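*Asks:* Would you mind keeping the following structure in view while I ask a few things?
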Amino acid sequence: MQVDLNYAKGRLTLNLDEAYDVTVVGKRPMPVLSDPHLAITDAINHPIGAGPTLDDMAGPGKTACILICDITRPVPNGLFLPILIRRLMDLGVGADDITVLVATGLHRPNEGQELVELVGSDWVMDTVRVENHFARDDAAHTDLGKTETRGTSVRIDSRFVDADIRIATGLVEPHFMAGYSGGRKVIAPGVAHAETITTFHNAAFMENPNAINCNLAGNPLHEEQLQIVKKVGGALALNTVIDEERRLSYVTFGEIVESHAQAVAFVKRYTEVTVPRLFKTVVTSAAGYPLDKTYYQTVKGMVGAMDILEPGGNLIIASACEEGIGSEEFAAAQKRLVALGPDGFLRSIQQKSRADIDEWQTEMQLKPMRIGTIHLYTDGLSAADQALTGVNCIASVEQTIAQSVADMGDNAIAVIPEGPYVIPRYLPQAKTA
């Protein structure tokens with residue numbers, strides 16, 4: 001049997017023994033919009049939610065700031081940015097008064113040809129300002145006070161706060177901490193200051209049982225993000241959903257909370273998949289390019305698959321990691337994980353009010369490590385970086401599967417080709433989608 005995993009910009013083909021009992025876990029079939037441009041235009045013309053519309057806010061002399069996700073997400077910016085920007089200009093907003101701001105969070109900036117690829121439109125690049133957010137630039141942020149429930153200091157990029165028209169854009173998909181990406185998440189952590197980000201990524205947030213994939217109810221990150229949106233003064237949002245071939249499946253536009261909620265209601269019907277059993281061998285990916293550019297992002301694939309891993313089983317993940325381990329701060333956190341072990345690492349961070357930058361990803365890696373053994377296939381990490389992963393690095397996915405089947409005495413395996421874009425849930429007696 002042949003199964004293809006998303007890997008880099010292509011596929012990693014697995015030739016599996018016919019004796020295996022293979023369950024391929026994928027999204028339920030998604031609709032594809034026959035005319036994406038028309039669908040985007042229609043969404044903008046019929047905004048969701050209460051409050052002022054684009055027509056109410058736009059006009060000569062007004063300023064607009066449009067947030068876009070960074071290179072780690074395959075958002076179809078090239079489809080909707082030209083439509084959205086032309087609409088603003090038709091309403092009287094000058095091109096010089098429109099800024100497209102890359103919501104990098106604490107990730108590196110996107111520059112040069114990569115920025116052109118991210119924006120997806122030469123016309124946009126030539127017409128309006130396109131800039132990066134820098135979370136560690138103190139002077140570039142506005143202090144909006146603290147959140148009511150947990151007292152997080154809210155400092156947001158002034159270019160967004162000060163704009164007359166604030167628009168967040170993004171991709172709505174499962175997110176291993178915040179439940180779902182898109183909407184409010186593009187503001188925080190997207191254009192938040194490092195202090196804000198590290199506060200609501202501390203261990204108290206990460207270890208909360210509600211801070212998981214596909215859950216917004218009681219999720220402390222989601223709740224904090226909603227309070228941050230209020231502190232900013234609200235915003236509009238354009239949310240997209242794409243299928244496995246990255247074609248536009250759904251789009252919403254309007255008030256940020258309502259438009260995001262409708263996109264979540266749509267996408268969860270396809271990305272949350274129930275599986276009737278646990279598996280001693282689970283094979284997954286880090287979703288391919290651009291998510292699998294670093295080991296940092298690879299952790300999402302491990303967490304996404306863990307719900308169907310039988311305790312003591314093997315979780316095998318393939319990720320290109322062409323840019324290496326990730327940030328220096330993440331490498332330092334991984335070094336501490338290797339030195340202290342999972343329990344020691346967790347103890348070392350539990351009392352901190354602010355997390356060290358990127359150590360939350362290491363903390364999330366602890367979750368699947370508590371269930372079973374993680375095996376990583378990659379051709380992008382050096383030997384030194386492999387030593388920092390804290391997992392077992394392998395030379396062949398197929399050989400590792402064979403060894404797991406033999407060791408476990410169970411030929412049943414689950415394969416999740418699209419990685420963290422699909423979240424399998426163990427539900428006894430469920431019918432596999």
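*Asks:* Can you tell me which residue is surrounded by the fewest Cβ atoms within 10 Å (Cβ to Cβ) among those in the stretch 76-110 that are of a type in the set (K, R) and more than 23 Å from K293 (Cβ to Cβ)? Step through it out loud before you land on a result.
*Replies:* In the first step, residues of the stretch 76-110 are kept if they are of a type in the set (K, R); the result is 86-87, 108.
Cutting the leftovers down to more than 23 Å from K293 (Cβ to Cβ) gives us 86-87.
Values: R86: 14, R87: 17.
Checking each candidate, the answer is R86.
*Asks:* Also, quick follow-up: Go through (1) modelled with pLDDT of 95 or more; (2) of a type outside the set (V, I, T); (3) surrounded by 18 or more Cβ atoms within 10 Å (Cβ to Cβ) one by one and return the number of the condition R73 breaks.
*Replies:* (1) is the only condition that R73 fails.
*Asks:* Modelled with pLDDT under 95 and either out of contact with any helix residue (DSSP H, G or I) (no Cβ under 7 Å at 6 or more places or on another chain) or part of a loop (DSSP other than H, G, I, E, B) (or both): which single residue out of P60, P109, P29 fits that description?
*Replies:* From the options P60, P109, P29, the qualifying one is P29.
*Asks:* A further question on this structure: For D21, state whether it is more than 27 Å from F134 (Cα to Cα) and assigned by TED's automatic domain parsing to the domain that holds A320.
*Replies:* So D21 fits the description; yes.
*Asks:* Please indicate, with yes or no, whether at least one residue in the stretch 169-182 is outside any helix (DSSP H, G or I), within 19 Å of T99 (Cα to Cα), touching a Phe, Trp or Tyr at 6+ places or on another chain (Cβ under 8 Å) and touching a residue at least 24 places away in the same chain (Cβ under 8 Å).
*Replies:* Yes, that holds for at least one residue.
*Asks:* Listed residues L101, L118, L79, L88; which is assigned to a helix (DSSP H, G or I) and touching a Cys at 6+ places or on another chain (Cβ under 9 Å)?
*Replies:* L118
*Asks:* Related question: Among the helices (runs of 4 or more DSSP H) lying completely within the stretch 301-415, list those that include at least 3 residues that are under 25 Å from K280 (Cα atoms), in contact with a strand residue (DSSP E or B) (Cβ under 7 Å, 6 or more places away or on another chain) and not hydrophobic (A, V, I, L, M, F, W, C).
*Replies:* The qualifying helices (runs of 4 or more DSSP H) are 397-408.
*Asks:* Determine which member of the set F200, F205 is more than 28 Å from V273 (Cα to Cα), in contact with a helix residue (DSSP H, G or I) (Cβ under 6 Å, 6 or more places away or on another chain), aromatic (F, W, Y) and not assigned by TED's automatic domain parsing to the domain that holds M364. It would help to see each step written out before you state the result.
*Replies:* Numbers: F205 fails: more than 28 Å from V273 (Cα to Cα).
Just one listed residue meets the conditions, F200.
*Asks:* R159 - would you say it is crowded, with 21+ Cβ neighbours inside 10 Å and closer than 14 Å to H193 by Cβ?
*Replies:* Judged against the criteria, R159 is not a match.
The values are calculated or read from the model by the stated rules, or taken from the named source; none is laboratory data. Everything quoted here is computed from the prediction, not taken from an experiment. Note that each Cβ is placed from the backbone with ideal geometry, even for glycine, and that neighbours are counted across all protein chains shown.
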